[in-house]
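Accompanying notes for the structure given below.
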Amino acid sequence: MRHRYLFAFAFAGCLFADAGTLIPTTKQAPDPAILSMEEMAIDIHIDGSNARVLMRQIFASHVPGVTEGNYTFALPGGSLVSDFAVWDGVTRIPGVILERKRAEELYENIRLQAIDPGLLQMGETDSDSARRSTVFSAKVVPIPGYGTKRVELEYHQRMPLENLVSYLAIPLKPEAYRQQTVGRLWITVDAQSAHSIEAFEHAGKSYPLTVHEKSANKIRASLDVRNFVLTEDFAITLRRAAPKAAALAVSAQRETTTEPGYFEAALVLPPEPAAQGGPARRVTALFDASLSMQWDKLERSYAALAKLLTGLRAEDQFDLFVFNSAIARYSPAPSPGGSAEAEKALAWLKEQPLRGATNLGAALDAALAAVTTDNAALVLFTDGGASDGEIRSGKIADAYAKKWAVSKKPRTFVFAVGDDANVNLLRALARHDGVLETINSTETPDFKLNAFLSKLQRRPAAGLALAADPNLADVYPLQEQTYSGSEAAWVGRYKQPARTNFRAGVAQLTVALPASETAHPQLPRAWAKARVDALLEKIERDGEDRATIDEIIRLSRKFKFVTPYTSFLAAPRALLRPRLIRPGDPVLRVRTDKLISSVVAVFPFGLVKPLKFLPGEDIWQTRFLAPSDMADGTHSVNLVLRDKRGNTYKEARTFVIVSKPPIVRPRLDKQNYRRGETVELRASASAATRTISARMYGVAPVALRWDPKSLANTGRFVLPRDLAPGRYTITVTAEDMAHNIGTGEVNLDVLP
């Protein structure tokens with residue numbers, strides 16, 4: 001079957017969002033014959049569980065004329081952009097934090113004067129969408145003929161401690177585009193920790209990292225390579241030494257003698273012995289199959305659900321609901337665990353249709369009603385984008401809280417996917433004795449997914465709170481719950497240098513603030529972010545008010561980081577802008593000025609469709625289908641906007657039609673295998689292929705990655721030792737950048 005999908009051409013990078021990619025505006029993917037990545041330098045500074053990442057990239061033009069490029073990046077979830085700059089020749093033009101509306105006004109004024117400003121914002125065009133986005137994009141112009149363009153970005157990220165391991169990944173592996181090469185790559189790692197470091201490893205095995213210093217409290221490492229092919233993310237892990245009892249450490253920083261200082265208190269909990277067996281579990285899984293979840297979100301959610309279900313024991317039980325505008329249940333009664341029933345449930349799920357709307361409230365009601373036993377877990381896989389029934393986040397959260405209170409009170413776990421996941425709503429749902437985990441478009445999910453699933457069988461530590469002290473103020477926890485082998489942390493301010501008592505649980509420590517001579521420059525910004533997060537949650541709950549917004553803007557400008565109400569403005573050269581149109585099924589979505597009263601789309605194939613205003617999202621939207629005979633290539637859609645005074649405006653956008661599904665040809669080294677043996681799978685695919693995955697009965701989904709040595713996409717998996725002998729089919733699915741799907745199959749025989 002031929003599928004025809006559309007995606008926003010002018011801002012395609014925002015959808016696929018490889019980290020640090022510069023794409024010629026005349027192309028749909030990086031083209032090193034036009035623009036190549038000559039240099040990339042990444043400096044990683046880790047202080048405890050706080051990581052600061054500085055990226056510097058130089059792109060070279062190989063054509064004579066002036067070139068434009070779309071620079072895109074999607075940062076790991078929870079990251080905080082703290083600096084941004086572009087270079088005009090040898091002149092560095094730094095970004096300046098301004099109020100969002102003021103930055104937009106200046107941006108338009110500068111642009112109309114034929115000067116190229118730079119505007120870096122979160123989300124689309126307002127603070128509401130910004131609160132749901134981790135994607136940033138930039139249109140870089142001009143790039144001089146045979147010249148270079150340099151871009152710099154700094155962000156901060158917290159490294160949560162899970163089972164005594166902290167994990168940091170820099171998303172360098174191409175997700176949307178098969179292969180990228182950098183002329184020279186530098187990476188430096190500088191880590192320090194008050195808690196003893198037992199082991200340091202780099203998970204990205206293709207990176208030849210050299211360790212220069214390794215002690216209990218400090219790590220220094222680096223690499224310097226040329227003509228390096230980016231085939232995987234750069235990832236490192238830090239394993240803390242297991243404390244015999246809960247260990248408390250305090251770090252502090254004071255900027256000036258006239259202002260309060262800042263501190264972080266971190267409590268590391270010892271691990272618990274691995275539980276053997278345990279009582280039977282009851283799990284209710286709730287899977288979002290609305291159109292907002294299609295492609296990347298659906299694939300990641302399905303893989304997470306498959307790992308959950310295939311990990312259940314025979315004595316466990318599960319329910320499975322799939323929802324969009326309708327709700328379907330796999331079985332009227334709970335099903336037994338085990339791989340056979342899990343495979344049946346997953347096969348049933350794949351047959352369920354995708355529909356346009358998301359009735360999240362009704363789905364939660366249905367799942368709650370199905371939980372009839374104590375000590376059950378409700379696991380929700382969604383992006384939280386409600387669009388049917390009740391769509392207001394606060395109302396959905398309140399309704400769930402009331403119904404949960406009179407139910408069997410299942411622990412509510414949420415696995416949120418997507419750069420635009422409604423984190424505030426999903427966090428409120430997970431506060432019902434559960435956990436929220438978020439995965440965006442560039443993150444490798446394994447570490448977070450394993451930690452998430454392990455918590456279904458464990459209980460968080462109770463009675464952990466930082467005790468009050470007269471010298472401490474404005475204290476904020478950095479996590480919702482703390483499990484054994486992980487870390488509880490708090491940031492706050494202290495009024496003056498003095499001996500101060502810290503107590504959390506049974507751990508106590510008296511510290512002469514500012515605690516040590518070691519500098520901790522990230523602490524003021526870490527506290528400001530925690531304060532802003534609390535203010536944003538207040539806005540989500542109670543609505544906007546001027547005083548709260550003013551404080552967010554003040555903190556953003558003082559501590560220099562982007563919020564939904566502020567922007568970086570860099571002038572006069574690079575032109576940056578957020579997305580204005582997003583693809584859907586296909587769907588056209590436009591956010592306009594408040595004065596606009598109607599929007600009509602005029603498509604090149606003769607279709608004229610009015611857009612409907614969605615008050616809950618403050619956006620205009622319509623859905624449409626391209627004719628089956630429409631030629632592949634770039635096409636325009638014209639928007640006619642009319643305001644309340646009767647004035648008419650016109651805008652144009654472009655999209656790309658791609659109709660041919662990718663061709664994928666899988667192959668095996670041999671035909672016969674024994675149980676417990678590793679299967680090596682290779683596949684060739686069309687040049688535009690974006691992702692390749694393989695499925696076989698009884699085995700979790702396997703992603704195939706490009707291997708430059710074998711010149712093929714490769715993957716491996718281990719045949720379960722309890723797999724019945726016989727012939728099995730491996731189905732390999734390839735998806736291209738326009739989300740066309742192609743499949744191929746190969747058989748193998750499992751011997752007794």
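The values are calculated or read from the model by the stated rules, or taken from the named source; none is laboratory data. Since this is a predicted model, take the numbers as computed values, not measurements. Note that we place each Cβ from the backbone using ideal geometry, even for glycine, and neighbour counts take in every protein chain shown.
Does Lys495 satisfy the criteria of being under 26 Å from the mean Cα position of the chain (by Cα) and of a type outside the set (Ser, Thr, Tyr)? Here the answer is no, as Lys495 does not meet what is asked.
Report yes if some residue within segment 399-411 is over 18 Å from Thr284 (Cα atoms) and at pLDDT 90 or above; otherwise report no. So far as segment 399-411 goes, yes, one or more of its residues are over 18 Å from Thr284 (Cα atoms) and at pLDDT 90 or above. When the strands (runs of 3 or more DSSP E) confined to segment 653-752 are screened for residues that are crowded, with 18+ Cβ neighbours inside 10 Å, of a type in the set (Val, Ile, Thr) and in the same structural domain as Gln28 (by TED's automatic domain parsing), none reaches at least 3 such residues. For segment 372-411, residues that are over 23 Å from the mean Cα position of the chain (by Cα), among the small types (Gly, Ala, Ser) and either more than 30 Å from Trp620 (Cα to Cα) or assigned to a loop (DSSP other than H, G, I, E, B) (or both) total 6. Within segment 313-332, the presence of a residue that is among the small types (Gly, Ala, Ser) and on the phi > 0 side of the Ramachandran plot is excluded. Within segment 275-317, the set of residues being acidic (Asp, Glu) and modelled with pLDDT of 85 or more comprises Asp288, Glu299, Glu315, Asp316. Annotation: Ala342 fulfils all but one of (1) surrounded by fewer than 20 Cβ atoms within 10 Å (Cβ to Cβ); (2) closer than 26 Å to Ala700 by Cα; the unmet one is (1).
Within segment 281-309, the set of residues being among the hydrophobic types (A, V, I, L, M, F, W, C) and either in the same structural domain as Thr733 (by TED's automatic domain parsing) or in contact with a Phe, Trp or Tyr (Cβ under 8 Å, 6 or more places away or on another chain) (or both) comprises Val283, Ala285, Leu286, Phe287, Ala289, Ala304, Leu305, Leu309.
Identify the residue in segment 505-530 that is in contact with a Leu (Cβ under 6 Å, 6 or more places away or on another chain) and surrounded by fewer than 22 Cβ atoms within 10 Å (Cβ to Cβ) and, among all such residues, is nearest to Gln253 (Cα to Cα). So the residue we want is Leu509. Of the listed requirements (1) modelled with pLDDT under 85; (2) farther than 30 Å from Leu611 by Cα; (3) of a type in the set (Phe, Trp, Tyr), Tyr673 misses just one: (1).
Candidates Gly356, Gly384: the one that is of a type outside the set (Val, Ile, Thr), under 24 Å from Lys538 (Cα atoms) and touching a helix residue (DSSP H, G or I) at 6+ places or on another chain (Cβ under 8 Å) is Gly384. A residue that is among the basic types (Lys, Arg), more than 28 Å from Ala421 (Cβ to Cβ) and out of contact with any helix residue (DSSP H, G or I) (no Cβ under 7 Å at 6 or more places or on another chain) occurs somewhere in segment 242-265. For segment 155-181, a residue qualifies if it is modelled with pLDDT under 90, assigned to a loop (DSSP other than H, G, I, E, B) and either out of contact with any helix residue (DSSP H, G or I) (no Cβ under 8 Å at 6 or more places or on another chain) or under 23 Å from Arg525 (Cβ atoms) (or both), and the qualifying residues are Met159, Pro160, Pro171, Leu172, Lys173, Pro174, Arg178, Gln179. The set of residues from segment 448-473 being within 20 Å of Ala512 (Cβ to Cβ) and either in contact with a Phe, Trp or Tyr (Cβ under 9 Å, 6 or more places away or on another chain) or surrounded by 20 or more Cβ atoms within 10 Å (Cβ to Cβ) (or both) comprises Leu466, Ala467, Asp469, Asn471, Leu472, Ala473. Apart from one condition, Leu426 fits all of (1) in contact with an Asp or Glu (Cβ under 7 Å, 6 or more places away or on another chain); (2) within 28 Å of Thr373 (Cα to Cα); (3) not in a loop (DSSP other than H, G, I, E, B); the exception is (1).
Asp419 falls short on exactly one of the conditions (1) among the charged types (D, E, K, R); (2) surrounded by fewer than 19 Cβ atoms within 10 Å (Cβ to Cβ); (3) at negative phi, and that condition is (2). Applying the set (1) at pLDDT below 90; (2) over 24 Å from Gln180 (Cα atoms) to His739 leaves exactly one unmet item: (2). Of all residues in segment 690-737, those being over 23 Å from Gly311 (Cα atoms), of a type in the set (S, T, N, Q) and more than 26 Å from the chain's Cα centre (by Cα) number 1.
The residue pairs whose first member lies in segment 474-502 and is in a loop (DSSP other than H, G, I, E, B) and surrounded by fewer than 15 Cβ atoms within 10 Å (Cβ to Cβ), whose second member is modelled with pLDDT of 90 or more and of a type in the set (Phe, Trp, Tyr), and whose beta carbons are closer than 6 Å, counting only pairs six or more residues apart or on different chains, do not exist in this structure.
Checking each residue in segment 375-394 for being surrounded by fewer than 24 Cβ atoms within 10 Å (Cβ to Cβ), modelled with pLDDT of 90 or more and out of contact with any Gly (no Cβ under 7 Å at 6 or more places or on another chain) picks out Ala376, Ala377. With respect to the conditions (1) under 20 Å from Glu272 (Cα atoms); (2) touching a Gly at 6+ places or on another chain (Cβ under 7 Å), Ala421 lacks only one, and its number is (1).
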